[in-house]
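The values are calculated or read from the model by the stated rules, or taken from the named source; none is laboratory data. Computed from a predicted structure; not experimentally measured. Cβ placement follows ideal geometry from the backbone for every residue including glycine, while neighbour counts extend to all protein chains displayed. All accessible areas refer to the heavy atoms of the entire protein, side chains included, with ligands and DNA or RNA removed. Shrake-Rupley method; radii C 1.70, N 1.55, O 1.52, S 1.80 Å.
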Amino acid sequence: MRRKTFLPLSCGLLLLAAFGAVLGEVPDNGRFAKARTLILDLIKNSNVPSVSVAVAQHGKILWEESFGWADRERMIKATPDTMYSIASTSKPLTATGLMVLAERKKVDLDADINTYLGGPRLTPVDPSWPAPTVKHVMNHTAGLPLHYQFFYENEPYRRPAMEETIRRYGILLRHPGEFYFYSNLGFGIIDFIIGRLSGRGYADFMRTDVFLPLGMTHTSVGIGPGLESFAARRYDEKQLPIPFYTFDHDGASAIFTSAHDLIRFGMFQLKDHPAGAKAVLSDATIDLMQDPKATTAPQRNYGLGWVIHEDDCGYKTIVHGGGMPGVSTDLKLLPTEDLAVVMLCNTSNSKAYTIKEEIIGTLVPKYGEKFRAKMQAPPVAPARFTPPPDLVGEWRGGIHTYSGIQSVGLSIRENGEIKVTMFGQMSTLLNMVDFSDNILQGACYGTIKTEDAARTPHHLMFGLHWEGDTLTGLVAAMSDTANSFALSSWIQLKKIGAPPVR
């Protein structure tokens, strides 16, 4: 029997009940009026169930407030203690847990990560490559591929053991330390290590050795026992509840926390120790986490669990956001301003991320001016793909999955058209083609014939590194519905000649 849900047409009356009745523990006294207006407009006009925000500066919480419904069906209003699923904002929290073990000499960040995995091992496609270190995995330079895998409670599929996920997808596609590539699997491996080295499991260690010492009483991996009534439901773009889901990469995505708790974590990372909090890391270790290790884009780097913008509207910022079905979250730090801002939302909505920018602009006017100017700049149209002459031609090879090799071919023409041919499947065109820094990317129809990719219809995403007469990289099976998975396999192709004349 389907659970009764409120239709969007009735949202106006429900929202009137929620507005004004749910005030945070720290009122804004009018200073954040523009941010409040933006939040209320977002809830009324963009199918957003709820938003919770928190702001701290110079070791003091300036504002905490929640708007809308944590659970519309049960008419539970959001509060600063409501626990939201935070997706990839989990990563700096997980990184903190690993660094606690590093300070206790339980793990060496520069050691071969396979030392800590027990049976499974990360396997390079080139046996001559050195093993990645723990640090490589934490800053996404180990060579691990694109990966996410969700398991919904209304589906028959269940999470495999981490050892099996590593066996299937723990492939190193690039020389460790050579190339940044964001991978949820890496932080799934970090949570696996935390569980093994602590002897208590990842979730229990994080609760006892990170969350509770920092006074984060409404934070847990998943929804911890006794915290069920505080958890916000995740909603889709039509404000319908999304069935509960888990992952095979908890350390990357599985933490639930409140605005109040997350701002306390942000204050700790700014070395402003909130009242009642015990410092779980030294200031030197916090500096190490926020030290840029890997370049991800111009003026943008990744530390140990943190994205680092060297010039973000004129300021260096330390940040991590999260987005997945029913989730939009952000934690942003401006160290020079001693400022932390939290935004939590229980649906996926790109407009929600502008809330934190409005809040920062209120406190740091120069930042706000530059952000508004950036938003008003016209979008840059993508350049048309024109292949270099040596890339034009016929390429043949195989997709190496954990259950076998599938033959594949690319035909790259001078006009930029790329045809993909896979054994037993119709030829198709590669779309959304991008080529920069000798990396060829694109997407097309196609099927990867493995047990887990067969769960739902999917398409393929290619990411290929061109070097001489070889293209190597990944092909990811991307689920077409429910955001169930991105499962990557290794691909290698060799150039065999010029394309046929039409």
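Here are some notes:
- Leading residue by the ranking (most open to solvent (accessible area, probe 1.4 Å)) among those in the stretch 171-191 that are in contact with a helix residue (DSSP H, G or I) (Cβ under 7 Å, 6 or more places away or on another chain) and of a type in the set (Gly, Ala, Ser): 177
- Test result for residue 258, open to solvent by less than 20 Å² (accessible area, probe 1.4 Å), at pLDDT 95 or above, out of contact with any His (no Cβ under 6 Å at 6 or more places or on another chain) and not aliphatic (A, V, I, L, M): no
- Within the stretch 76-135, the set of residues being out of contact with any helix residue (DSSP H, G or I) (no Cβ under 9 Å at 6 or more places or on another chain) and aromatic (Phe, Trp, Tyr) comprises 129 only.
- Within the stretch 33-56, if we keep just the residues that are over 26 Å from the mean Cα position of the chain (by Cα) and closer than 30 Å to residue 336 by Cβ, the residue that is surrounded by the most Cβ atoms within 10 Å (Cβ to Cβ) turns out to be 36.
- For the stretch 492-502, a tally of residues being open to solvent by 10 Å² or more (accessible area, probe 1.4 Å), among the aliphatic types (A, V, I, L, M) and in contact (Cβ under 8 Å) with a residue 40 or more places away in the chain returns 2.
- In summary, residue 411 fulfils each of the numbered conditions (1) under 29 Å from residue 259 (Cβ atoms); (2) in contact (Cβ under 8 Å) with a residue 60 or more places away in the chain with the single exception of condition (1).
- Among residues of the stretch 355-375 that are in contact (Cβ under 8 Å) with a residue 12 or more places away in the chain, those with a Cβ under 8 angstrom from a residue that is assigned to a helix (DSSP H, G or I) and open to solvent by 80 Å² or more (accessible area, probe 1.4 Å), sequence gap 6+ or separate chain, pair up as 358/34; 362/34.
- Failed item in (1) touching an Asp or Glu at 6+ places or on another chain (Cβ under 8 Å); (2) open to solvent by 40 Å² or more (accessible area, probe 1.4 Å); (3) modelled with pLDDT under 95, with residue 28 passing the rest: (2)
- Within the stretch 118-147, the set of residues being open to solvent by 50 Å² or more (accessible area, probe 1.4 Å) and in contact (Cβ under 8 Å) with a residue 12 or more places away in the chain comprises 119, 121, 123, 126, 129, 130.
- Looking across the stretch 173-228 at every residue that is among the acidic types (Asp, Glu) and over 25 Å from residue 146 (Cβ atoms), the one that is modelled with the lowest pLDDT is identified as 228.
- Candidate set from the stretch 333-365 (those that are closer than 26 Å to residue 265 by Cβ and exposed (fewer than 13 other Cβ atoms within 10 Å of the Cβ)); member that is modelled with the lowest pLDDT: 350
- Among the residues of the stretch 156-192, those identified as charged (D, E, K, R) and in contact (Cβ under 8 Å) with a residue 60 or more places away in the chain are 159, 167, 168, 174, 191.
- Scanning the stretch 158-170 for residues that are open to solvent by 20 Å² or more (accessible area, probe 1.4 Å) and within 19 Å of residue 492 (Cα to Cα) returns a single hit, 168.
- Filtered by the rule that a residue be surrounded by fewer than 16 Cβ atoms within 10 Å (Cβ to Cβ) and touching a Pro at 6+ places or on another chain (Cβ under 9 Å), the stretch 439-491 gives 480, 481.
- Of the criteria (1) hydrophobic (A, V, I, L, M, F, W, C); (2) under 30 Å from residue 35 (Cα atoms); (3) modelled with pLDDT under 95, which one residue 83 fails: (3)
- Qualifying residue in the stretch 282-292 (condition: under 22 Å from residue 148 (Cα atoms) and either at pLDDT below 95 or buried (at least 23 other Cβ atoms within 10 Å of the Cβ) (or both)): no
- Listed by position, the strands (runs of 3 or more DSSP E) contained in the stretch 205-311 that have at least 1 residues being more than 14 Å from residue 94 (Cα to Cα) are 245-247, 294-297, 300-302.
- Only one of 393, 473 that is small (Gly, Ala, Ser), farther than 24 Å from residue 160 by Cβ and touching a His at 6+ places or on another chain (Cβ under 9 Å): 473
- Restricting attention to the stretch 398-429, the residues that are under 18 Å from residue 470 (Cβ atoms) and either among the aliphatic types (A, V, I, L, M) or not in a strand (DSSP E or B) (or both) total 7.
- Top-ranked residue of the stretch 58-84 - restricted to ones that are of a type in the set (S, T, N, Q) and assigned to a loop (DSSP other than H, G, I, E, B), ranked as most open to solvent (accessible area, probe 1.4 Å): 79
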